[in-house]
Amino acid sequence: MKMSSIAPSPTKKKSFFTTLDIVTSLRPYKHHIEALLDNEETIKAGFYQFILNNISKYPELEKPFNLDDFGQFTEALEFIYATLSYDLLSTESDNLWAFSTPFQPKVFYCTPALYNIVNGDNKMAELNNIIDNSLSEIQELRLIYSFILYRLYGYESPENDMYYSFMDELTGLQKYYLINFDFKFVELHTEGVLPKLDFETLHAYMQNENELQELKQILPLKNFKFEGFSILRCKDVKTQHLVSNIENLISNRENQDAQIVYEEIIRSLKIVIQKSEIEIGLLPFLKINNQFVFDNSLSNNSIIANTRVNNDAEQSVYSEDVYQYFKNPKPLYFNDLSKGEEEKYPFLTNIRAKGIASLVLLPVLVNKKLTGLIELYAKKKGAINKNDISLLNIVLPQIGQMFQNNINEFEANIENVIKQNFTSLHPSVQWKFNETAWLYIRDNSNDNATSELRKIQFKEVYPLYGAIDIRNSTLERNLAVQKDMLKQLSLLKETLLNISKKVKLDLIQEMLFECKKWTKLVGDFINSSEEYGLNNFLTLEVEPLLRHLKENLPETQKVIDLYLDATYEIGGVTYENRKKLEKSIKLINKVINNHLEAMVKDLQLAYPFYFEKFRTDGVEYDIYIGQSIAPDRPFDVLYLANARLWQLKSMASIVRISQQLSPQLPTFLETTNLIFAHSNAIDISFRNDERRFDVEGAYNIRYQMIKKRIDKVNIKDTEERLTQPGKIAIVYFNQKEADEYIRFINSLIVQDVFTDSLEYLDLEDLQGVAGLKALRVSVKVP
């Protein structure tokens with residue numbers, strides 16, 4: 001083994017060590033071997049004598065010597081190193097050792113392995129600077145006094161280790177090392193009388209930075225002389241640093257952007273591999289409806305994700321290809337991507353197109369369940385070897401946990417979106433579901449128990465029902481269909497006429513005849529049966545004929561393409577009126593829903609209640625309020641009265657919003673507003689099959705039946721519909737139910753919410769329902 005023996009240049013930083021009285025010699029080492037020899041009776045005695053015989057050849061090293069003279073003592077220092085490195089089976093590439101003056105970072109010998117990790121022309125000088133500049137004054141002080149206190153007072157303080165990191169200029173990657181200072185062969189000489197110090201006092205001095213400074217007064221460093229040499233042992237700790245860094249990132253990820261966390265973890269992984277040409281990607285296994293999906297915030301660094309195409313259809317196929325691999329994941333190693341592999345794994349085609357020549361995919365599993373992939377890739381063939389892969393094995397548990405956290409968060413986010421936009425357990429009743437689940441778990445804690453989920457029920461709650469309907473929505477939809485169908489038939493007629501000029505085919509004339517027949521039929525009126533028949537004619541007869549002509553007669557292609565483009569559901573002009581209507585309905589519902597949700601939040605502040613919406617052409621909602629909804633809060637009918645007043649105000653504001661929205665609608669639509677007043681409490685229970693609450697008992701079911709039949713009721717002995725645009729209708733059975741609403745309406749008339757137009761109406765009899773009455777009042781619109 002050839003060791004480095006370049007004399008060090010002065011360090012750049014003014015070190016605290018330079019104030020010490022230091023003598024560099026090998027005398028303490030020789031004293032140590034002599035002491036071992038005096039007390040040894042085994043075969044080791046011969047070994048110790050052998051060492052002393054070789055050391056005695058260099059008597060100069062037992063005296064203080066000049067660092068510039070080390071070059072002539074190479075053999076002796078190599079011999080000493082050999083006696084200290086006991087692991088004879090290790091290779092020299094594993095041994096990062098150095099000899100230096102006591103404390104002062106002046107290395108005069110080091111192993112080739114340590115010598116080669118340092119950059120620069122004068123590597124020994126750079127190594128000295130690394131050690132010196134990495135220690136602060138307080139760290140130097142701790143290092144010195146930990147040695148002094150151990151030698152003089154037997155106080156042990158673990159202050160002999162130092163972490164160091166630097167950027168490798170060749171790879172551009174960070175390196176991390178732990179440096180251990182071994183002062184076994186440093187003798188301490190003292191002057192003067194030593195003060196008496198107990199363990200507690202010493203511990204306080206070493207733990208507190210300010211009190212550590214006091215040691216300089218109690219034990220002045222000028223009273224000490226240090227003789228011998230220090231041993232520096234370095235250890236590559238990039239892997240330990242990687243694991244620690246990843247664990248910290250995962251545990252403290254709550255307030256961090258997911259993409260930043262991924263980038264930090266990838267940076268740590270690259271530090272371990274130490275190859276700048278290798279890129280790393282992380283891809284969690286996220287699913288929606290049992291299909292693999294990409295979340296951009298989590299897959300930005302993935303080569304699989306970044307080789308997707310923008311076209312939705314092609315992207316779906318690509319995702320399916322990836323999912324097929326995920327269904328049977330196994331490590332894949334491609335030293336040279338070939339077309340043969342692409343047949344088995346089609347998604348490799350896009351990766352190869354990006355110039356990637358080497359690729360490794362490592363599935364990451366938690367409890368035998370796939371959580372994601374680690375990707376290693378490079379543009380150079382053979383850039384990745386098995387050692388690069390094995391280096392990552394130590395962090396697979398941490399990466400797996402991170403992927404699992406991401407999956408859990410992803411699923412929670414999906415659930416939150418569903419709750420907010422579609423259906424949810426309302427917060428006011430969540431407690432009941434939690435209680436029921438706990439009782440089920442508790443009752444089934446016995447392995448032999450077969451307890452079922454208990455019924456979720458709320459007794460004696462007061463119902464409030466409201467409906468905001470789009471007036472004549474069915475008629476409007478039929479008109480939109482009629483206009484679009486007439487447009488399509490007109491285009492078809494024009495297309496067939498143009499084709500007949502180029503092609504002599506009797507079937508074209510037959511199609512023209514059918515087209516004219518359907519035009520007349522649709523022009524008069526179209527019902528669902530006729531719409532179905534027309535669609536069959538267009539899709540089963542017309543389209544196949546046109547596509548055949550287009551493929552076999554090039555002269556017809558242009559005119560047929562114009563027709564097919566016009567009839568394409570996405571963007572085709574023959575769907576224009578239906579699209580306008582749907583857009584108008586969606587816009588109305590969105591605005592109403594947003595406004596209603598905001599007002600519901602305000603009402604919840606008064607007293608908790610259950611609120612549930614139903615989507616129709618407009619918006620329907622149920623409110624249930626009562627003691628059983630909030631058992632911890634006393635209920636009073638004043639909260640019911642407050643809810644009814646809120647219902648009137650919210651309906652009035654929705655009327656105004658709807659009318660203000662009209663100019664923005666592609667298709668002009670109007671809304672109507674209906675309230676059903678019911679003064680008696682009812683019982684409701686949760687239906688697991690429909691995932692919603694429903695009423696219970698014969699009388700309660702009658703309430704539900706009436707609620708569903710009054711939306712199109714007429715005023716008695718007239719053809720006039722009760723619900724009208726710009727007005728609010730309140731249906732009730734008896735005067736008691738109406739009195740409270742009448743009082744509120746009169747108050748709101750004074751406040752200019754309603755006009756002075758309150759009507760008292762009798763309603764026509766419905767199937768199984770007679771004697772219904774209604775109030776109706778117009779909303780005052782600015």
Quiz prompt | Exposure rank, largest accessible area first [Glu409, Glu187; 1.4 Å] | solution = Glu409, Glu187
Quiz item: Translational D (Stokes-Einstein, µm²/s) of the range 563-672 at 10 °C and 1.306 mPa s when Rh comes from the Kirkwood sum over C-alpha pairs?
Solution: 97 µm²/s
Self-check item: Heavy-atom accessible surface of the range 497-629: percent carbon and sulfur, 1.4 Å
Solution: 55 percent
Self-check item: Cα-projected label distance for Val781 with Gln557, points at 7 Å along beta-carbon direction, nm
Solution: 5.4 nm
Exercise. Compute the FRET efficiency between Leu365 and Asp295 as 1/(1 + (r/R0)^6), taking r as their Cβ-Cβ distance and R0 = 25 Å, and round to the nearest 0.05.
Key: 0.80
Exercise. Compute the length gained on full extension between Gln735 and Asp198: take 0.36 nm times their separation in residues and subtract their Cα-Cα distance, giving the result in nm to one decimal.
Key: 184.0 nm
Quiz item: On full extension of the chain, what length is gained from Ile742 through Asn413, given 0.36 nm per residue of separation minus the C-alpha to C-alpha distance?
Solution: 113.9 nm
Quiz item: So how much accessible area does Lys184 have, in Å² to the nearest 10, using a 1.4 Å probe?
Solution: 110 Å²
Quiz prompt | Val193, Val429, Val753, reordered so the largest accessible area comes first (probe 1.4 Å) | solution = Val193, Val753, Val429
Practice problem: Consider just the alpha-carbon atoms of the range 700-782 and return their Rg together with their Dmax, both in angstrom. | Solution: 13.4, 41
Quiz item: Of the listed peptides 597-608, 623-634, what is their order by residue-averaged count of other C-beta atoms within 10 Å, with the highest listed first?
Solution: 623-634, 597-608
Practice problem: Could you work out the per residue convex hull volume over the alpha carbons of the range 341-399, in cubic angstrom? | Solution: 98 Å³
Quiz item: Say each of Thr474 and Lys327 gets a label point 7 Å from the Cα, pointing the same way as Cα to Cβ; how far apart are those two points in nm?
Solution: 4.5 nm
Self-check item: Distance (nanometres) between label positions extended 7 Å along Cα→Cβ at Ser685 and Glu214
Solution: 7.6 nm
Quiz item: Over the heavy atoms of Phe50, what accessible area does a 1.4 Å probe trace out, to the nearest 10 Å²?
Solution: 100 Å²
Quiz prompt | Counted charge near Lys590, where neighbours are those whose Cβ lies closer than 15 Å (Asp, Glu -1; Lys, Arg +1) | solution = +1
Self-check item: Residue-span extension gain [Gln430 to Asp257] - 0.36 nm each, minus C-alpha spacing
Solution: 59.3 nm
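The values are calculated or read from the model by the stated rules, or taken from the named source; none is laboratory data. Note that this is a predicted model, so its numbers are computed, not measured. Ideal geometry is used to build each Cβ from the backbone, glycine not excepted, and the neighbour counts take in all protein chains shown. With ligands, DNA and RNA removed, areas are computed over all heavy atoms of the protein, side chains included. Shrake-Rupley method; radii C 1.70, N 1.55, O 1.52, S 1.80 Å.
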